[in-house]
């Protein structure tokens, strides 16, 4: 089976995730169908630090056109800011996966929308395993759409 596994809820996830995120050395892949302004205020400074260290960041999300009203504008503005940092943004129609792969060694997956979470009851599992990361990268076919360096 896979190596070490840890469960988080909506109250414990971000502390662990941001710590791991800040320690990323090569690559961060995040799949989150929704992006909100509030969550991006927290994450954009971290993404900027990572990009200043040449960490590759790939975000896979829904096209903003799939969102209504204010969510459309929030996603559009966040994507603009991400791209200005040099983040690769991919769109998947009907996207609903919630996961992160850090340096192809750590996987977070579950029900929490990483780029938009606000106030619902969620679960995320962290798996520290190159095998699990490799399996997930193959499953989502990330290298087909965003070539690694």
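The values are calculated or read from the model by the stated rules, or taken from the named source; none is laboratory data. Just so it is clear, the structure is predicted and the values come from calculations on it, not from any experiment. Neighbour counts are summed over all protein chains in view; Cβ atoms, including those assigned to glycine, are modelled from backbone coordinates with ideal geometry.
With respect to (1) surrounded by 17 or more Cβ atoms within 10 Å (Cβ to Cβ); (2) over 12 Å from the mean Cα position of the chain (by Cα); (3) within 19 Å of residue 137 (Cβ to Cβ), the lone exception for residue 26 is condition (1). Within the range 129-149, residues that are loosely packed, with under 13 Cβ neighbours inside 10 Å have Cβ atoms under 8 Å from residues that are in a loop (DSSP other than H, G, I, E, B) and modelled with pLDDT of 95 or more in these pairs: 149/26, counting only partners at least 6 apart in sequence or on another chain.
Residues are listed down the side, and each one gets a yes or a no for (1) under 22 Å from residue 126 (Cβ atoms); (2) at pLDDT 95 or above:
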site	(1), (2)
6	yes, yes
14	yes, yes
26	yes, yes
46	yes, yes
51	no, yes
71	no, no
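Of all residues in the range 79-109, those that are surrounded by fewer than 20 Cβ atoms within 10 Å (Cβ to Cβ), farther than 22 Å from residue 37 by Cβ and without any contact (Cβ under 8 Å) to a residue 40 or more places away in the chain total 3. Scanning the range 60-73 turns up no residue that is surrounded by fewer than 13 Cβ atoms within 10 Å (Cβ to Cβ), closer than 25 Å to residue 135 by Cβ and touching a helix residue (DSSP H, G or I) at 6+ places or on another chain (Cβ under 9 Å). Of all residues in the range 37-61, which are under 13 Å from the mean Cα position of the chain (by Cα) and either farther than 23 Å from residue 18 by Cβ or in contact (Cβ under 8 Å) with a residue 60 or more places away in the chain (or both)? If the condition is that a residue be under 13 Å from the mean Cα position of the chain (by Cα) and either farther than 23 Å from residue 18 by Cβ or in contact (Cβ under 8 Å) with a residue 60 or more places away in the chain (or both), then 39, 40, 43, 56, 58, 60 are the ones that fit.
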